[in-house]
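So the structure is just underneath, and the comments pick up after that.
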Amino acid sequence: MAFIAALTAVGCAHRPSTGSSAPDRVASPRVSPVVGLLEYSDMLDRANPEVRQKAVHQMRRGVRAHPTAANYARLSIALGMPRQRLYTPDEAARYARKALATTPNDWDRISRRFLIDQARHMDRISSKAARHNNVTPAPARDRARIADLEQELAAARAKISALSNIERQIERDRGGQ
C-alpha cells in the first residue's frame, strides 16, 4: 500500500543543491504530468487484482479528501484497470473528463491528449459491453454491491455444503452402529 501512496506523488522532480547560495540561472526542464500518470498506470498494470482494488479504494478516498485534477486522473486510471472487481470503464471515462475540467490543473498538451484518449477508450469499452450484453450497464455502486452479494452467496453455499457433509457423516455413523 505504501508503494501506491508513493506513486501518488510521482511527477515531482527534485534537483539537488549545488551547494551555492546563488540562485540557479538554468531552469530545469519541466516533467510532463503525463509521466506520473503513465508510471501509475504501469504500476497498476503489473499489480495483482487485490492491489488494483486497493488502489481504487485509496484513490476514491483521495478524491474525497482532495478533489484535485491529478487525483481524478489517477482514479480514472485505477477504475479503468481490467481484471479486478471494481473495473468500471464508464466511471473511468467520467473521471478522466472530470480531471480535464477541474481547475486549477497542471495539464500540458500531452497530458490533455492522454486524458482525452483515456475517456474515449473507456467510453468505447463501455458501449461495446452494453451492446454485447444488450442491457444498460449498472452503475458502479450497483456492480460493486452485486459482486459483494455474490461473494456472500458463495460463502453461504460453502457453509451449506459443509453442513450437508456433516449431516451425511452423522447419518453414516448412526447407520454403522
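None of the figures in this text is laboratory data; all of them are computed from the coordinates on show. Note that the structure is predicted; figures quoted are calculated from it, not measured. Cβ atoms come from the backbone with ideal geometry, glycine included; neighbour counts cover every protein chain shown.
Extension gain for R141 to I116 (0.36 nm times residue separation, less C-alpha to C-alpha distance): 6.6 nm. Taking only C-alpha pairs under 8 Å that are 6+ residues apart, what is the relative contact order of the stretch 31-81 in percent? Normalised by residue count, the contact order of the stretch 31-81 is 46 percent. Over the stretch 138-177, the hull volume per residue, using the convex hull of the C-alpha atoms, is 30 Å³.
Dipole check for the stretch 138-177: with +1 at the C-beta of Lys and Arg, -1 at the C-beta of Asp and Glu, and the Cα centre as origin, the magnitude is about 40 Debye.
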